[in-house]
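Here the structure comes first, spelled out in structure tokens, and everything after it is commentary.
The values are calculated or read from the model by the stated rules, or taken from the named source; none is laboratory data. Only a predicted model underlies this, so the values are computations on that prediction, with no experimental measurement involved. Please note: Cβ atoms are built from the backbone with ideal geometry, for glycine as well, and neighbour counts cover all protein chains shown. For the accessible areas, the whole protein counts, side chains as well, though only heavy atoms, and no ligand, DNA or RNA atoms are used. Shrake-Rupley method; radii C 1.70, N 1.55, O 1.52, S 1.80 Å.
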Amino acid sequence: MTVVIPSRTGRRALSRSFAEVLSYPHASPVEAARRCADVAGTESEAAAALLDAFVSLAEETPLGTLQEEYTRTFDLDTMSRSQPTCYPYVGHYLFDESHKRGAFILGLKKRFRAAGFEDDSDLGDHLVVLLGFLGVCDDETLASELVDDAILPALRRMAIASGTADERASIRGAYLGVLRALELSLGAGRPEPAEDPADDETEREWLRDRDSLGIDRDWCGH
């Protein structure tokens, strides 16, 4: 099977568009989501449909409610089994809260500085930060490693940890749908994983112990 990966320009546009939609909604995300649907639609019709569904719901929801639901979905610890918090930190899903996550974040910061990418946050493994970096990254090898070895595996585990997005009529469900749209868009043209590593403890431990998610020892500070 021929693997067709988005071009550098396409990857940058896709990443920037999703970063805008998945950022805290200081203003209405509707127009950003419409633009994102147009870009994502070039990679996945299903992704575009999920973004269109988000637009339809966001158009009818007051900004204050969107902000509250965004915070409840991604930031607050809900302590709920039915609607657990979907933490947007890639390293959390790859390494839990071990020292390896800290090393991963330090490695990211190093790559950010080398690329001239400014990030003032303490946690550089936030999904929106990584998407912002992908939106300007010139290094195709590094970009592919981040997508294949970090972002896509984390997105798959976010879906497992957060339940399903069946409650599409809710803002939470719509935001989970945007995450699924991101997974579909970034994964377009890439081989499907044989199985989700999160379902296999041995495979999960292998990924945690693997040198820098397949990048190199320097990446994680080894």
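Of the numbered criteria (1) part of a helix (DSSP H, G or I); (2) farther than 22 Å from Leu146 by Cβ, the one Leu76 fails is (1).
Within the stretch 106-116, which residues are of a type outside the set (Lys, Arg) and surrounded by fewer than 22 Cβ atoms within 10 Å (Cβ to Cβ)?
Leu106, Phe112, Ala114, Ala115, Gly116 - these are the residues of the stretch 106-116 that are of a type outside the set (Lys, Arg) and surrounded by fewer than 22 Cβ atoms within 10 Å (Cβ to Cβ).
Residues of the stretch 20-31 that are among the aliphatic types (A, V, I, L, M) and either touching a His at 6+ places or on another chain (Cβ under 9 Å) or open to solvent by 10 Å² or more (accessible area, probe 1.4 Å) (or both): Ala27, Val30. Restricting the search to helices (runs of 4 or more DSSP H) fully inside the stretch 117-222 and requiring at least 1 residues that are among the aromatic types (Phe, Trp, Tyr), modelled with pLDDT under 55 and open to solvent by 60 Å² or more (accessible area, probe 1.4 Å) gives 201-209. Inside the stretch 54-79, residues that are among the hydrophobic types (A, V, I, L, M, F, W, C) and in contact with a His (Cβ under 9 Å, 6 or more places away or on another chain) make up a count of 1.
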